[in-house]
Amino acid sequence: MKPFFSFLIVLAVSALSAQTLKNFSVPKGYTQIAEAKGDLDKDGKDETVLVFNTNIKASYEQNPEGISDYKRVFYILKKENSGLKVWKENSDIIFSSGFGFYPSDNTLTINIKNNCLVIKQLFFTNSRHTQQYKHTFRFQNGDFYLIGLYDHFEDTCDFSFTNEINFSTGQVIVDREYSSCDDDTKLPENLHKEFTHKFPALIKMNDFLSETTSSGFPV
């Protein structure tokens, strides 16, 4: 058994040496807006996740309030020796600074729970509609994968729609609740469904945007 364990140790060391991480320094013109710390790869050491407003213009037009729209980016950093090194960088999952109808009311929170990175975002799609997303990513098989999705779309008067997906188990929950600010309005029946769907494969973090849009998953 000893030669076998020695072989595993050699493989582990080789994998670590093959993963070259670059030193992290805050890019010029970037402003930090969020931070989270926790163990993402179950090695007993905390990683650091930092989210920044960049100085790079987003591809969207200026919003109704006239606030300029800039890309946002987050970095997952590993502590090595005396410094932090970039483990993962992504600018597709976080919405830009001017996204939505009332950008000043947008909210963004990140945290690490149960060794998973959880990203929550809420914004207004118009003066009456709010959209909330929660994406949960877990490190496994050498990469970060989307394992959970929560999508909530609400109108101040007419409806509240929620979709929840656990991509690991295939469990899907769909809720449709209807209401009205007009007492005389005839409402559709509310709907609640729970079922299991076999997804072909988990989506990698860096494939998030292309895979979710092409597969029809809400992003």
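The values are calculated or read from the model by the stated rules, or taken from the named source; none is laboratory data. From a predicted model like this one, the values you see are computed outputs, not experimental measurements. Cβ sites come from the backbone with ideal geometry, for glycine too, and all protein chains shown count toward neighbours. Keep in mind that these areas ignore ligands, DNA and RNA; they rest on the heavy atoms of the full protein, side chains included. Shrake-Rupley method; radii C 1.70, N 1.55, O 1.52, S 1.80 Å.
Quick rundown of the values:
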item	result
Along each principal axis, Cα extent of segment 44-193, largest first, Å	67, 43, 20
Dimensions in Å of segment 22-119 - Rg and Dmax from alpha carbons	14.8, 47
Rg and Dmax [Cα atoms of segment 108-219; Å; Rg one decimal, Dmax integer]	16.0, 56
Where Val51, Val26 fall by accessible area, highest first, once all protein chains stay in place (1.4 Å)	Val26, Val51
Added length on full extension, which subtracts the Cα-Cα distance from 0.36 nm per residue, Cys181 to Lys85	29.3 nm
P(r), alpha carbons of segment 81-128 - 10 Å bins starting at zero, rounded %	20, 40, 27, 11, 2, 0
Rule-of-thumb Rg ratio for segment 124-166 [Cα; 2.2 N^0.38 Å; N residues]	1.53
Options Thr196, Thr136, Ile76, ranked by Cα towards positive dipole end of segment 65-219, top entry (Cβ charges)	Ile76
Local electrostatic count at Asn55 - Lys and Arg +1, Asp and Glu -1, tallied over other residues with Cβ under 14 Å	+3
Separation of alpha-carbon centers, segment 161-207 and segment 108-153, rounded to whole Å	15
